[in-house]
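Below is one structure, written out as C-alpha cells; the observations come after it.
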Amino acid sequence: MAVERDEVSGQNTTGHEWDGLKELDTPIPRPAVWAYWLTSLFAIVFWILFPAWPYVTDFTRGLLDYSSRATVIASVAEANAARNAADRAIAEGDLYALAADSSIRAVHEDDASILYLDNCAVCHGRDLKGQIGFPNLTDAHWLWSGDVEEIATTLRYGINTGHEEERFAEMPAFGAQQMLERGDIKNLVEYVLAISGREHDADMRVAGAPVFEENCSSCHGEGGEGGYGIGAPSLRDDQWIYGSDRSDIFETIWAGRKGVMPYWGDRLSETEIRKLALYVHWNADGGGE
C-alpha cells in the first residue's frame, strides 16, 4: 500500500479514513515510551522480589519473602506488649494509691474512657450523669460509697444479678403488697418531699413522719440520709434515680424498685475492671470520696 502524505501537516497517514478524516501516523511521544518501559521493568522486579503470582494451593513468595500479615502481627504484638507494660501498674498497684496518682490518670484515663463508652454509657450516659433508672456517677451520692475498691466490687459482681457475691438491694412494694394504705403512702410522699427541701403539704408531712420512722428509717436512716452499704439512697438531696415528682415517688413506694447492675467479672479482665473503677472514681464529684 502506497504511503500517503497529509497535505496540511506534511505527515504520513496510516491509510485509515473516517467520514473524510484521515489518521496521521504520529509516533508515540518519547515520555510515554519511557514510562511504558520503566513500569514494565518495575513490574518485573516487583514480581521477582515480592509475593505476586497465585497458583493452585499457594503463591510465589518472592526473593524478599515479605509478608504484610507478618508485619501487622508483629506491630500488634509490639503494641500489646507496650499496653501490657503500661497496664501492669493498674493490675498490680494499690487502687487507693493509683486513684491519687495524677500520672496514672494522665496515662490511663483516655483508654479507660473507651472501656466506659463500650460497656457503661448505654445506661449511665456518655457523660456519666445517668438517666431515669440509672444513677448519676458524677455526683457525690453513692449507694455503696464512692470508695474506689467498693466501685470495683460493684463492677465485678453487680447488683441484683444472681451472682453469689452480688450486691443486693430492693425497695419493697408497700402498696402493691398491701403493707401500707394508699393514704399512708400519700402522706409519706409529702414527708419525703419535705426532707428533700421541696414544696409539700405540711399537715400530710406531719402524718407521714411516723409512717417513715416505722417503715423506711431502717434502710434510709432516721433522717433519710441513706443507708450507704445496703443500696438505700439518700432522700435528702436532689439526686433521684426514678424521678422526683409526686407521682414518681408515689409509684416507687407503691410498686417498689429493684434495679439491676450487670456483673462484669466474666466479661472484662480484672485489669479492665480496676481501670473502670478508677475512671468512675476520677470523674465523680470530689474524686469519688
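Looking at segment 176-200, which of its residues are without any contact (Cβ under 8 Å) to a residue 40 or more places away in the chain, closer than 23 Å to Asp237 by Cβ and buried (at least 17 other Cβ atoms within 10 Å of the Cβ)? Those that are without any contact (Cβ under 8 Å) to a residue 40 or more places away in the chain, closer than 23 Å to Asp237 by Cβ and buried (at least 17 other Cβ atoms within 10 Å of the Cβ): Asn187, Glu190, Tyr191, Ala194, His200.
For segment 124-140, which positions are in contact with a strand residue (DSSP E or B) (Cβ under 7 Å, 6 or more places away or on another chain) and surrounded by fewer than 16 Cβ atoms within 10 Å (Cβ to Cβ)? Talk me through it step by step, then tell me what you get.
First, pick out the residues of segment 124-140 that are in contact with a strand residue (DSSP E or B) (Cβ under 7 Å, 6 or more places away or on another chain): 124-125.
Result: Gly125, single match.
Look at Val72 and say whether it is exposed (fewer than 11 other Cβ atoms within 10 Å of the Cβ) and modelled with pLDDT of 90 or more. Give the steps one after another, and end with the answer.
Working: exposed (fewer than 11 other Cβ atoms within 10 Å of the Cβ): yes; modelled with pLDDT of 90 or more: yes.
Considered against the rule, which asks whether it is exposed (fewer than 11 other Cβ atoms within 10 Å of the Cβ) and modelled with pLDDT of 90 or more, Val72 comes out as yes.
Inspect segment 35-42 for any residue being modelled with pLDDT of 90 or more, of a type outside the set (Ser, Thr, Tyr) and within 45 Å of the chain's Cα centre (by Cα) and give the result as yes or no. Checking segment 35-42: not a single residue is modelled with pLDDT of 90 or more, of a type outside the set (Ser, Thr, Tyr) and within 45 Å of the chain's Cα centre (by Cα). Residues of segment 180-212 that are under 41 Å from the mean Cα position of the chain (by Cα) and either outside any loop (DSSP other than H, G, I, E, B) or among the aliphatic types (A, V, I, L, M) (or both): Ile185, Lys186, Leu188, Val189, Glu190, Tyr191, Val192, Leu193, Ala194, Ile195, Phe212. With respect to being surrounded by 13 or more Cβ atoms within 10 Å (Cβ to Cβ), touching a helix residue (DSSP H, G or I) at 6+ places or on another chain (Cβ under 6 Å) and not charged (D, E, K, R), Tyr116 fits the description.
Number of residues in segment 235-262 that are closer than 30 Å to Asp101 by Cβ and crowded, with 20+ Cβ neighbours inside 10 Å equals 1.
The residues of segment 63-72 that are part of a loop (DSSP other than H, G, I, E, B) and hydroxyl-bearing (Ser, Thr, Tyr), listed by number, are Tyr66, Ser67.
Of the residues Ile159, Ile151, Ile104, the single one that is in contact with a Pro (Cβ under 9 Å, 6 or more places away or on another chain), surrounded by 17 or more Cβ atoms within 10 Å (Cβ to Cβ) and within 21 Å of Glu272 (Cβ to Cβ) is Ile159. Taking segment 36-62 as the range and being assigned to a loop (DSSP other than H, G, I, E, B) and not polar (S, T, N, Q) as the test, the residues that pass are Phe50, Pro51, Ala52, Trp53, Tyr55, Val56, Asp58, Arg61, Gly62. Has segment 87-97 got any residue that is at pLDDT below 90 and surrounded by 12 or more Cβ atoms within 10 Å (Cβ to Cβ)? Yes, there is a match, as at least one residue in segment 87-97 is at pLDDT below 90 and surrounded by 12 or more Cβ atoms within 10 Å (Cβ to Cβ). Of all residues in segment 195-242, those that are touching a Leu at 6+ places or on another chain (Cβ under 8 Å) and either aromatic (Phe, Trp, Tyr) or closer than 21 Å to Lys129 by Cβ (or both) total 6.
Hey, any hits in segment 19-35 for a residue that's closer than 30 Å to Asp111 by Cα and loosely packed, with under 10 Cβ neighbours inside 10 Å?
As a first pass, look at segment 19-35 and keep what is closer than 30 Å to Asp111 by Cα: none.
No - not one qualifying residue is present in segment 19-35.
Mind counting the residues in segment 213-272 that are aromatic (Phe, Trp, Tyr) and assigned to a helix (DSSP H, G or I)? Before the answer, list the steps.
Filtering segment 213-272 for residues aromatic (Phe, Trp, Tyr) gives 228, 240, 242, 250, 254, 263-264.
Now narrow it down to the ones that are assigned to a helix (DSSP H, G or I): 250, 254.
Here the count works out to 2.
Condition check: over 17 Å from the mean Cα position of the chain (by Cα), among the small types (Gly, Ala, Ser) and under 24 Å from Glu251 (Cα atoms). Does Gly162 satisfy that? Criteria not met by Gly162.
Kindly indicate whether Asp110 is surrounded by 11 or more Cβ atoms within 10 Å (Cβ to Cβ) and assigned by TED's automatic domain parsing to the domain that holds Tyr279. Walk me through how you get there before you give the answer.
Details: surrounded by 11 or more Cβ atoms within 10 Å (Cβ to Cβ): no; assigned by TED's automatic domain parsing to the domain that holds Tyr279: yes.
No, not satisfied.
The values are calculated or read from the model by the stated rules, or taken from the named source; none is laboratory data. Here the structure is a predicted model, which means the values were calculated and not measured. Cβ atoms come from the backbone with ideal geometry, glycine included; neighbour counts cover every protein chain shown.
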